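Notes to accompany the following structure.
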Amino acid sequence: MSNLRPIAHATKDASGTWREPHDLAEHLAGVATLAACHARSFGAEDWAHLAGLWHDLGKYRPRFQHYIRQASGFEADAHIKGEAHGKAPHSTAGAMLACERFGMSGRVLAYLIAGHHAGLYDWFGGLDTRLDSTDSRDELNEALAERPPTEILDHGSFTPDLRAIPGGKDGFALWVRMLFSCLVDADFLDTEAYIDAGKASQRGKWANVQNLLEPFDRFMTKKISAAAPTPVNLLRADILKQCREKAQESPGLFSLTVPTGGGKTLSSMAFALEHAKKYNKRRIIYVIPYTSIIEQTADNFKEIFSDAVIEHHSNAEVEPDAENSKSRLASENWDAPIVVTTNVQFFESLFAAKTSRCRKLHNIVDSIVVLDEAQLLPPEFLQPILDVLNLLTRHYGVTAVLSTATQPALASRKYFDAKNNMRGLDNVREIMNDPDALYSTLERVNVYLPTDWNTSVSWDTLASEISQRDSVLAIVNRRKDARELWQRLPEGTLHLSALMCGEHRSKTIAQIKARLKDGIPTRVISTQLVEAGVDVDFPVVYRALAGLDSIAQAAGRCNREGRLAELGKQGEVIVFIATQPAPPGLLRKGEDACRSVLHTHTGKPLERALFARYFEKFYHACNLDARGINELLKVDGETLAVNFRTAAEQFKLIPDEDSAPVIVRYRGNNGNDDTIGMLLNTLRKQGPERWLMRKLQRYTVSIHRREVMKLLSQGDVEEIIPGLYVQVSGWLYDPNLGLNLDSSPLTPANYVA
């Protein structure tokens with residue numbers, strides 16, 4: 001092969017003619033330059049540059065060159081398929097060279113280079129075994145025998161210094177993942193520029209985030225001028241003003257503590273935009289706990305900022321391990337000025353090992369991260385989450401805003417039993433000048449607690465009470481409870497739960513809002529999904545006993561706009577004891593902590609000071625690192641061994657093995673909309689195109705895998721593509737209640753034809 005110019009990739013043009021191949025040396029230099037540019041923001045450009053130079057060193061070996069030039073012609077997708085099919089492994093040579101040149105410090109580069117296709121490895125039983133193999137030694141020797149250019153092999157004046165790692169030992173794992181992000185994104189982008197220059201040319205054409213303050217100001221001026229001068233709206237204007245003022249403070253950790261209905265979303269965006277302008281931040285990342293509300297928030301921002309916003313959340317996917325062109329194209333590298341995403345995407349990416357998940361990490365550097373409804377950070381992963389937020393804000397230029405009406409107690413705490421200690425977020429600055437006064441001014445409800453904490457209310461009794469109300473919202477802890485109560489209420493009562501697909505929930509919420517706006521009596525039974533980001537306003541809310549934060553969120557759906565004040569009234573929030581306690585686990589622990597705080601309390605149930613006590617009790621009852629993530633990511637100072645891959649597999653906010661997506665045949669409120677039928681026909685013909693999977697996500701319900709297997713065995717669903725199921729039985733989806741996991745129809749007259 002020595003008489004042929006080494007190439008990295010090859011592809012055809014639109015006419016089917018082979019283009020000039022992608023020169024290997026040019027690819028390595030291009031990736032090195034781009035990776036260094038990515039890493040400059042956190043002072044690691046030299047590491048990233050060398051990783052880029054050596055990441056595809058193994059492609060110099062004749063075996064790879066023969067593969068890419070095989071008799072059948074150049075293979076357009078060789079960059080992906082060569083590694084996946086094991087035809088021409090090439091990602092170990094550079095890793096071995098790094099270890100030879102730099103000893104133990106070279107293992108940092110080895111993690112990056114060896115994993116740039118398959119993802120970061122664990123050291124023991126993973127990368128150490130791979131580097132010790134005869135095949136890997138042969139790969140390096142064969143590549144070097146081809147005499148790669150001196151400018152590729154020369155590491156110049158680079159001298160590894162592990163003492164400069166941001167955060168030291170505690171920050172090692174995140175630093176390696178950040179470097180890995182720089183390398184894999186640079187590799188994707190340089191390859192894309194050759195394979196698809198048209199697509200590459202569209203990248204980076206975003207508005208500068210600093211320039212988005214002007215359209216935001218125009219929008220807010222118009223919105224405020226059109227708003228009635230009610231006490232609530234005047235208070236929202238003051239909250240907005242305070243957010244703008246506090247944005248001038250130095251970067252770091254902030255809390256935004258505003259009662260529900262105080263306009264946190266737009267006010268936090270005002271803070272972020274002003275802060276970005278003041279401190280030259282690169283982007284704003286808005287992190288939301290639930291997919292059920294992300295589209296609503298993203299649409300609100302798109303109304304203001306047009307196409308400067310991307311939304312990124314989990315979609316119904318094919319097999320997660322499938323590494324191919326389509327799945328890679330479905331991932332984002334978050335280079336837009338405003339990113340709206342979920343807790344799952346944001347935090348799982350920060351602890352990920354796969355290339356597609358890690359690719360975006362370097363674009364979190366020098367950003368503003370708004371954590372909406374911060375009280376919903378998952379307790380089982382809270383300690384590693386707090387640790388990574390500390391690292392991001394101290395060493396990577398991130399400003400984090402904890403935005404919520406019920407601020408969790410996240411400061412460091414020590415207990416007699418050290419295993420319950422919390423390494424928290426310290427030096428958090430509150431954006432509001434006087435949250436207590438704000439809560440007092442925005443008080444719009446009276447909360448009525450049970451007179452007997454040990455006596456439950458039957459569904460029949462509760463249904464009778466609710467039936468006497470014209471407009472009322474009742475929130476329960478279980479999907480089964482929601483159905484039990486709904487079935488006892490008058491016709492026309494609406495239902496909300498996670499067994500309804502996103503399209504169904506959205507239409508039902510729109511129906512609820514329209515009816516309330518028009519003054520039509522509206523009764524709604526819902527699970528807790530209505531408590532986060534669903535802006536509805538009822539005069540009366542019933543809430544089954546739950547965590548104190550859930551009760552406060554439920555109260556935020558009552559007299560939200562303060563209109564009852566015109567009648568000299570307050571909203572009513574009635575807490576009741578359900579026939580069964582909350583399900584075991586976090587919901588039960590929240591209920592127990594709430595009961596402990598409130599049962600002897602004689603003051604107002606939603607006093608702001610109570611929340612610190614509540615969260616301390618709640619977190620103390622939880623294992624804040626239930627999957628042992630911190631131990632897995634602890635670096636061995638003698639070997640630099642880290643369990644990257646195992647930690648990523650364990651850090652699943654929604655464990656893959658526990659749930660599976662089912663596409664349901666929801667046909668709209670009138671039963672005549674067959675959009676889902678057309679989408680499914682397209683899926684069968686074209687396969688899982690990204691745009692199509694995004695649309696199908698609106699018709700997807702996630703349920704426990706054992707429930708899916710039962711439905712599959714009964715013939716009620718079919719597996720349309722690996723890992724994705726679709727409804728077959730007509731009775732399986734009820735137009736009022738959603739997916740029916742019972743063995744018989746709920747409302748036979750409403751079968752899906």
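The values are calculated or read from the model by the stated rules, or taken from the named source; none is laboratory data. Since the model is a prediction, treat every value here as computed from it, not as a measurement. Counting neighbours? That spans all protein chains shown, and the Cβs are built from the backbone with ideal geometry, glycine included. When the accessible area is computed, the model is the full protein with side chains, heavy atoms only, and any ligands, DNA or RNA have been set aside. Shrake-Rupley method; radii C 1.70, N 1.55, O 1.52, S 1.80 Å.
Within the range 253-307, can you find the residues that are part of a loop (DSSP other than H, G, I, E, B) and farther than 15 Å from Trp334 by Cβ? If the condition is that a residue be part of a loop (DSSP other than H, G, I, E, B) and farther than 15 Å from Trp334 by Cβ, then Val258, Pro259, Thr260, Gly261, Gly262, Gly263, Asn280, Pro289, Tyr290 are the ones that fit.
Is at least one residue of the range 184-200 polar (S, T, N, Q), at negative phi and in a loop (DSSP other than H, G, I, E, B)? Taking every residue of the range 184-200 in turn, none turns out to be polar (S, T, N, Q), at negative phi and in a loop (DSSP other than H, G, I, E, B). Residue check: is Thr260 among the β-branched types (Val, Ile, Thr), within 25 Å of Asp537 (Cβ to Cβ), touching a residue at least 40 places away in the same chain (Cβ under 8 Å) and surrounded by fewer than 21 Cβ atoms within 10 Å (Cβ to Cβ)? Spelling it out, it is not the case that Thr260 is among the β-branched types (Val, Ile, Thr), within 25 Å of Asp537 (Cβ to Cβ), touching a residue at least 40 places away in the same chain (Cβ under 8 Å) and surrounded by fewer than 21 Cβ atoms within 10 Å (Cβ to Cβ).
Screening Arg282, Arg244 for residues that are open to solvent by 40 Å² or more (accessible area, probe 1.4 Å) and farther than 30 Å from Ala39 by Cβ leaves exactly one candidate, Arg244.
No other residue among Asn681, Asn669, Asn623 is open to solvent by 30 Å² or more (accessible area, probe 1.4 Å) and modelled with pLDDT under 90 apart from Asn669.
Screening His38, His27, His22 for residues that are within 23 Å of Ala145 (Cα to Cα), at pLDDT 95 or above and either out of contact with any Pro (no Cβ under 9 Å at 6 or more places or on another chain) or open to solvent by 70 Å² or more (accessible area, probe 1.4 Å) (or both) leaves exactly one candidate, His27. The set of residues in the range 355-365 that are assigned to a helix (DSSP H, G or I) and either surrounded by 24 or more Cβ atoms within 10 Å (Cβ to Cβ) or without any contact (Cβ under 8 Å) to a residue 12 or more places away in the chain (or both) comprises Cys358, Leu361, His362. For the range 435-449, the set of residues classified as part of a loop (DSSP other than H, G, I, E, B) and either among the polar types (S, T, N, Q) or modelled with pLDDT of 95 or more (or both) consists of Leu449 only.
Considering the range 415-453, the residues that are touching a residue at least 60 places away in the same chain (Cβ under 8 Å) and polar (S, T, N, Q) include one that is farthest from Lys246 (Cα to Cα), namely Asn420.
Answer yes or no as to whether Arg483 is touching a Gly at 6+ places or on another chain (Cβ under 8 Å), closer than 29 Å to Leu376 by Cα and basic (Lys, Arg). No.
Looking across Ala474, Ala482, Ala400, Ala409, one residue alone is in contact (Cβ under 8 Å) with a residue 40 or more places away in the chain, in a loop (DSSP other than H, G, I, E, B) and buried (at least 17 other Cβ atoms within 10 Å of the Cβ). It is Ala409. For the range 583-605, does any single residue satisfy the condition of being assigned to a loop (DSSP other than H, G, I, E, B) and buried (at least 22 other Cβ atoms within 10 Å of the Cβ)? No; the residues of the range 583-605 include none that is assigned to a loop (DSSP other than H, G, I, E, B) and buried (at least 22 other Cβ atoms within 10 Å of the Cβ).
Only one of the numbered conditions (1) out of contact with any Asp or Glu (no Cβ under 6 Å at 6 or more places or on another chain); (2) part of a helix (DSSP H, G or I) is violated by Ala36, and that is (1).
When the test is whether a residue is out of contact with any helix residue (DSSP H, G or I) (no Cβ under 8 Å at 6 or more places or on another chain) and hydroxyl-bearing (Ser, Thr, Tyr), Thr579 does not pass it.
Looking only at the range 290-303, residues that are open to solvent by 20 Å² or more (accessible area, probe 1.4 Å) and closer than 25 Å to Gly397 by Cβ come to 0 in all. Within this structure, Gly492 passes the test of being touching a residue at least 12 places away in the same chain (Cβ under 8 Å) and not aliphatic (A, V, I, L, M).
Residues Gly547, Gly533, Gly568: which one is of a type outside the set (Ser, Thr, Tyr) and under 17 Å from Glu443 (Cα atoms)? After applying the criteria, what remains is Gly568. Within the range 627-665, the set of residues being of a type in the set (Phe, Trp, Tyr) and in a loop (DSSP other than H, G, I, E, B) comprises Phe651 only. Considering the range 201-230, and only residues there that are charged (D, E, K, R) and in a helix (DSSP H, G or I), the residue that is least open to solvent (accessible area, probe 1.4 Å) turns out to be Asp217.
One residue alone among Ala660, Ala641, Ala648, Ala612 is of a type in the set (Gly, Ala, Ser), in contact (Cβ under 8 Å) with a residue 40 or more places away in the chain and within 30 Å of Ala437 (Cβ to Cβ), and that residue is Ala612.
Among residues of the range 366-380 that are aromatic (Phe, Trp, Tyr), none has a beta-carbon under 9 Å from a residue that is surrounded by 24 or more Cβ atoms within 10 Å (Cβ to Cβ) and part of a helix (DSSP H, G or I) at least six positions away or on a different chain. Quick check: is even one residue across the range 496-509 open to solvent by 30 Å² or more (accessible area, probe 1.4 Å), over 26 Å from the mean Cα position of the chain (by Cα) and not polar (S, T, N, Q)? Looking for residues that are open to solvent by 30 Å² or more (accessible area, probe 1.4 Å), over 26 Å from the mean Cα position of the chain (by Cα) and not polar (S, T, N, Q), one finds none in the range 496-509, hence no. The residue pairs whose first member lies in the range 232-254 and is at positive phi, whose second member is in a helix (DSSP H, G or I), and whose beta carbons are closer than 7 Å, counting only pairs six or more residues apart or on different chains, are Gly252/Thr393.
Restricting the range 732-744 to residues that are open to solvent by 40 Å² or more (accessible area, probe 1.4 Å) and touching a strand residue (DSSP E or B) at 6+ places or on another chain (Cβ under 9 Å) leaves a set whose member that is modelled with the highest pLDDT is Asn736.
Under 22 Å from the mean Cα position of the chain (by Cα) and among the basic types (Lys, Arg): does that describe Lys617? In short, no.
Of the set (1) open to solvent by 10 Å² or more (accessible area, probe 1.4 Å); (2) over 30 Å from Leu640 (Cβ atoms); (3) touching a helix residue (DSSP H, G or I) at 6+ places or on another chain (Cβ under 9 Å), all apply to Phe188 but (2). Restricted to helices (runs of 4 or more DSSP H) entirely inside the range 110-166, those with at least 1 residues that are under 20 Å from Leu28 (Cα atoms) are 134-145, 150-153. Taking the numbered list (1) closer than 30 Å to Ser267 by Cβ; (2) assigned to a loop (DSSP other than H, G, I, E, B); (3) touching a Leu at 6+ places or on another chain (Cβ under 7 Å) in turn, Asp426 passes all entries but (3). Residues in the range 263-279 that are open to solvent by less than 10 Å² (accessible area, probe 1.4 Å) and either hydroxyl-bearing (Ser, Thr, Tyr) or touching a Lys or Arg at 6+ places or on another chain (Cβ under 6 Å) (or both): Ser267, Ser268, Ala270.
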